[in-house]
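We did not get these values from a lab; they are worked out from the coordinates using the rules stated. From a predicted model like this one, the values you see are computed outputs, not experimental measurements. All Cβ positions, glycine included, derive from the backbone under ideal geometry; neighbour counts span all protein chains shown.
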Amino acid sequence: MGAGLFELRRDAITGWWVATVVDRQFQRGRFSLAAAPADDGGACQNCTQPPGEGIRLRTLKDYAFNIVGTQEEAREIERSLTQLAMSQARSAGSWRTVVAPPGEHRPIQIVGSELLCAMLALVRKAFVDAQNVGQTEYLQVVQNWGAQAGARTNHLCLDLYDLPQIPHRVAEEIGGAARFLIREGECPYCRLVREEPKNGSRMVWEDEASVAFAPFASRSPFEIWVVPRHHAADFGTATEADIASTAEALRQVLGRLACLDGPPHNLILHTAPLRERVDATYHWHWEIHPRLREIAGLELGTGLPVNPVSPEEAVEELMRHRPDGGAQETR
């Protein structure tokens, strides 16, 4: 029997399915896409705001989220705004960004580990501060690199979105991890960092503190996770060793992805909510999603992600290249 077009793979944590294309030979040209510069109007505000020479925390918008809920609730709020101040309209959260020193427009894989460690340490502090304040539910950290990935700046930065609710994706992971723990007796991410190096076919990088690999049910081509070996739910508790290892893992993985002409990507941190204790059941980790294709009708119609290259093939391609994007012998 011939192979089917799609191989349906199930994420062991969330239970979500992914359709992986397995009957096509890998063609590098289909996945080579350089990150386009963002249109910043010719002036980088992150170079000047806030004033200073080092790494800075910039507030872009206080009360960035106005909770309107359902259509009916939105109408009620709209009617109320004729009588109430905007601050009374359930506005919450903020949008801030950790910005690298002025003039730093290089990608993560090019900057030194010291700079990236300092930025990650400031992110860690933001979690501690947000937990102490206790006003919101979740702090989402992202990097959008390249215009195709939604970047509005060419400056090296990590955006912080202080959200009034726990994102659906994170809630699915937390719930799935708890069910996995009950069923299997261990954290699913701890199992991954133990089993993926043994398997080897999806491994990209590892050291004593972290493991970087393509997940079995990768939702996008060349998706990579960076997961600490030590179990911890909250990035706010990350040790100096965790920070140093994460920084090096991100530099190594993005350096290998540079072989695809330095693609646009979204870098995402998933960690524990600010006001919920999930210490035993969750495990913080970073996800790298290169933006190499458009979403098509099957995905929009079904919610089923379609990955046009298997994670095993993706890793095989990445491991043919040095972390700086140059070629090396196949392992």
Proxy exposure order for 6, 216 (fewest C-beta within 10 Å first) is 6, 216
Residues listed by number, the range 112-129, amide nitrogen under 15 Å from residue 40 label point at 7 Å toward C-beta: none
Could you check the simple spin-label distance between residue 316 and residue 230, using points 7 Å along Cα→Cβ, in nm with one decimal? 3.7 nm
Calculate the dipole size of the range 3-62 relative to its Cα centre from +1 charges on Lys and Arg beta carbons and -1 charges on Asp and Glu beta carbons; express the result in debye to the nearest 20. 180 debye
Sites removed, the longest contiguous part of the chain containing no DSSP-loop GluC sites (Glu not before Pro) with at most 12 other Cβ within 10 Å is 54-185
Modelled label-to-label distance, residue 199 and residue 299, 7 Å Cα→beta-carbon offset: nm? 2.1 nm
Taking the Cα centre of the range 195-249 as origin, work out the dipole magnitude from +1 charges on Lys and Arg Cβ and -1 charges on Asp and Glu Cβ, in debye rounded to 20. 300 debye
Option label - Rg and Dmax of the Cα atoms in Å computed here, alternatives [x] 20.9, 63; [y] 20.5, 69; [z] 19.5, 69: [y]
Quick one: length gained pulling residue 32 to residue 207 fully straight, 0.36 nm per residue minus the C-alpha distance? 60.2 nm
To the nearest 500 deg cm²/dmol, what mean residue ellipticity at 222 nm is calculated for the chain from DSSP H runs of n ≥ 4 alone, each contributing -39,500 (n - 2.57), summed and divided by the residues? -9000 deg cm²/dmol
Among 45, 235, 112, whose Cα projects farthest towards the positive end of the dipole of the chain, with charges put on the beta-carbon of Lys, Arg (+1) and Asp, Glu (-1)? 45
Report ³J(HN,Hα) in whole Hz for each residue of the range 213-223, in order, from the Karplus equation J = 6.51 cos²θ - 1.76 cosθ + 1.60 where θ = phi - 60°; Gly and Pro get x. 8, 8, x, 4, 9, 4, 8, 9, x, 6, 5
If each of residue 184 and residue 22 carries a label point 7 Å out from its Cα toward its Cβ, how far apart are those two points in nm? 1.9 nm
